[in-house]
Amino acid sequence: MELKKLKGFRDLLPDETPLWQHMEAKACQVLEAFGYREVRLPLLEDTALFRRSIGEATDIVEKEMYTFTDTGGNSVTLRPEGTASAVRAYLENGLARSAPKARWYYMGPMFRRERPQKGRLRQFHQIGVECFGWAEPEADAEVLALLWDLFSAFGLSDRLRLEINTLGCSADRAAYVEALRAHLQALRLDLCPDCQRRIDTNPLRVLDCKKERCRQLTADAPRITEAVCGECAAHFARVREILDRVGLAYRVNPRMVRGLDYYNRTTFELLAEGLGAQNAVAAGGRYDGLAEALGGPPVPALGFALGMERLGLLLDPEAAPAPTPTAYWVTRGPEAAALALALRRKLAARGVGSAMDLAARSFKAQMRAADRSGARFALILAEDEMADGTVTVKDLSTGSQETVAADDLISYLMGHIATPA
RNA sequence: GUGAGUGUAGCUCAAUGGUAGAGCACCGGACUGUGGAUCCGGUGGUUGUGGGUUCAAAUCCCAUCACUCACCCCA
């Protein structure tokens, strides 16, 4: 086999798709209960959208995007995240004027050309939420509560930790970055090589270094939570007050860093055990400046995205068993096979699933297949049944069987489906 | 981009320089129109690829590719 899938891409075979359908269905249910509505946005966008939103100097834009020139000569990019497209769509469709308050969610593939590892692929899938139009801390609290309840719905609340932080406004952040950089310069030679580089590229990352020595050296570095302006501090305090009031557990982590440039004020991560090094299962924050950066009016907004592969790693595959047909046909002879197809169509139209082998195999082989399919009933159709217009219905859970007129098959089965064996 | 580990049947793994095997799965038979349990049989391999050492290589050496995990970065 010389043709292989690309590195970091995966096939989801039928044994795995039930779990994905489960994730999607459960998420839709919770998100819509909070008033969020689904949007479906393009996978391919103008490259400039991501350069302007994510940040020119980020790793994502600098070296991880799937960017190419299409045959029309335009530079286009497979979306590496969802927020940029959502804001673009919000602005482009005039929502800022017609319906400025909007709660959106989306799910689907994102693409980043990173080195694959546990919980990280080049095509990965996110469920994302964007809440447009409210600058109030109540919006932050709603989104955080929604995030938590979403994972609670999957039964994961006792395995997760919510961490929150504030980045202040852009002026706060710029001032803080310079203060931090100055502080770190004094420590430069004692820090690890990665951190020495980070002082210049992204000083906030130094605070997030995994090396114990770096963490000790930066223990008394200035904290962003103490450096933000009065308004931002009040906003953050109010968010925490609401979270406390509704009983949502969280931890303030002033060292938490965001990878995308557009975040301001509240940011957060949901961390999980058992995911290896990629332990953030969801993350997000407020991005009040993004709409303007993309050429629109100011639109206060925030959102988050969760990694579906990472969520899937936390779930028990048994939670989403494979679907089984209600019945399995056991036939002999070409006339019987044709009649079985006709009856399968009628059953399917009533929502009753039935499967069958399409090769003329022995009764024994077909019965074995019926058993393995998980079907409740075997529907036997051969010479005898064809002669008198009946189907022999065998209940595979009890072994008992009855002869049923072919015309009565649908009502017979529908009457018995509800009845446990 | 950097580092480490691993590559043998569809899957999980044996075979420590001397005939490439087992379990599971799949197909069939025992049981000619009746599943699950049991027993029997069968299909399935250029041992990732290329080169080297050797009388002889899955095994040792080199290269290369792939996968996995970690760093970086991030959901």
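I need the strands (runs of 3 or more DSSP E) fully contained in segment A:73-145, keeping only those with at least 3 residues that are surrounded by 21 or more Cβ atoms within 10 Å (Cβ to Cβ).
Details: elements: A:75-78, A:102-111, A:123-132.
By residue number, A:102-111, A:123-132.
Residue count for segment A:385-404 satisfying the condition of being within 21 Å of A:Leu341 (Cβ to Cβ) and exposed (fewer than 12 other Cβ atoms within 10 Å of the Cβ): 3. Quick one: is A:Tyr250 at pLDDT 95 or above and of a type in the set (Ser, Thr, Tyr)? When the stated conditions are applied, A:Tyr250 passes them. Filtering segment A:387-401 to residues that are hydrophobic (A, V, I, L, M, F, W, C) and either assigned to a loop (DSSP other than H, G, I, E, B) or at pLDDT below 95 (or both) leaves A:Ala387, A:Leu396. Is it fair to say A:Glu269 is assigned by TED's automatic domain parsing to the domain that holds A:Ala145 and within 9 Å of RNA strand B (Cβ to nearest atom)? Yes; evaluated as a whole, the condition is true for this residue. Considering only residues in segment A:272-289 that are within 9 Å of RNA strand B (Cβ to nearest atom) and in a loop (DSSP other than H, G, I, E, B), the one that is modelled with the highest pLDDT turns out to be A:Asn279. Of all residues in segment A:12-47, those satisfying the criterion of being assigned to a loop (DSSP other than H, G, I, E, B) and either touching an Asp or Glu at 6+ places or on another chain (Cβ under 7 Å) or aromatic (Phe, Trp, Tyr) (or both) are A:Phe34, A:Tyr36.
Of the residues making up segment A:197-221, those that are in a helix (DSSP H, G or I), touching a residue at least 12 places away in the same chain (Cβ under 8 Å) and within 17 Å of A:Met256 (Cβ to Cβ) are A:Leu204, A:Arg205, A:Val206, A:Leu207, A:Cys214. Restricted to segment A:17-71, and to residues there that are among the hydroxyl-bearing types (Ser, Thr, Tyr) and either surrounded by 12 or more Cβ atoms within 10 Å (Cβ to Cβ) or touching a helix residue (DSSP H, G or I) at 6+ places or on another chain (Cβ under 8 Å) (or both), the residue that is nearest to A:Gly155 (Cα to Cα) is A:Thr17. The test for being assigned by TED's automatic domain parsing to the domain that holds A:Leu243, touching a helix residue (DSSP H, G or I) at 6+ places or on another chain (Cβ under 7 Å), over 26 Å from A:Glu62 (Cβ atoms) and at pLDDT 95 or above holds for A:Ala145.
Is it fair to say A:Ala305 is surrounded by 17 or more Cβ atoms within 10 Å (Cβ to Cβ) and assigned to a loop (DSSP other than H, G, I, E, B)? Judged against the criteria, A:Ala305 is not a match. On the stretch given as segment A:309-345, residues that are in a loop (DSSP other than H, G, I, E, B) and of a type in the set (Ser, Thr, Tyr) total 2. When each of A:Phe68, A:Phe9, A:Phe50 is tested for being of a type in the set (Phe, Trp, Tyr), assigned by TED's automatic domain parsing to the domain that holds A:Asn264 and not in a helix (DSSP H, G or I), the lone residue that passes is A:Phe68. Residues that are in a loop (DSSP other than H, G, I, E, B) and either of a type in the set (A, V, I, L, M, F, W, C) or within 16 Å of RNA strand B (Cβ to nearest atom) (or both) were ranked within segment A:222-232; the one that is farthest from A:Asp190 (Cα to Cα) is A:Cys229. When A:Asp388, A:Asp408, A:Asp395, A:Asp384 are checked against the criterion of being more than 10 Å from RNA strand B (Cβ to nearest atom) and either under 24 Å from A:Lys364 (Cβ atoms) or free of Cβ contacts under 8 Å to residues at least 24 places away in the same chain (or both), a single residue qualifies: A:Asp408. Of A:Ala369, A:Ala375, which residue is touching a residue at least 12 places away in the same chain (Cβ under 8 Å), under 13 Å from A:Ser354 (Cβ atoms) and in a helix (DSSP H, G or I)? One residue alone meets the criteria, A:Ala369. Please determine whether any residue of segment A:20-32 is under 13 Å from A:Arg88 (Cα atoms) and of a type in the set (Val, Ile, Thr). No; the residues of segment A:20-32 include none that is under 13 Å from A:Arg88 (Cα atoms) and of a type in the set (Val, Ile, Thr).
Of A:Pro100, A:Pro116, A:Pro137, all but one fail to be in contact with a His (Cβ under 7 Å, 6 or more places away or on another chain) and farther than 19 Å from A:Asp261 by Cα; the exception is A:Pro137. Apart from one condition, A:Val257 fits all of (1) out of contact with any Leu (no Cβ under 8 Å at 6 or more places or on another chain); (2) within 16 Å of RNA strand B (Cβ to nearest atom); (3) in a loop (DSSP other than H, G, I, E, B); (4) hydrophobic (A, V, I, L, M, F, W, C); the exception is (1). Tell me yes or no: at least one residue of segment A:97-116 is closer than 23 Å to A:Gly276 by Cα and of a type in the set (Ser, Thr, Tyr). Looking for residues that are closer than 23 Å to A:Gly276 by Cα and of a type in the set (Ser, Thr, Tyr), one finds none in segment A:97-116, hence no. Taking the criterion of being within 23 Å of A:Thr83 (Cα to Cα), of a type in the set (Gly, Ala, Ser) and outside any helix (DSSP H, G or I), the only residue of segment A:146-182 that qualifies is A:Gly168.
The values are calculated or read from the model by the stated rules, or taken from the named source; none is laboratory data. Predicted model, so just to flag it, every value in this text is computed and none were measured. Glycine also receives a Cβ, built like all others from the backbone with ideal geometry; neighbour counts cover every protein chain displayed.
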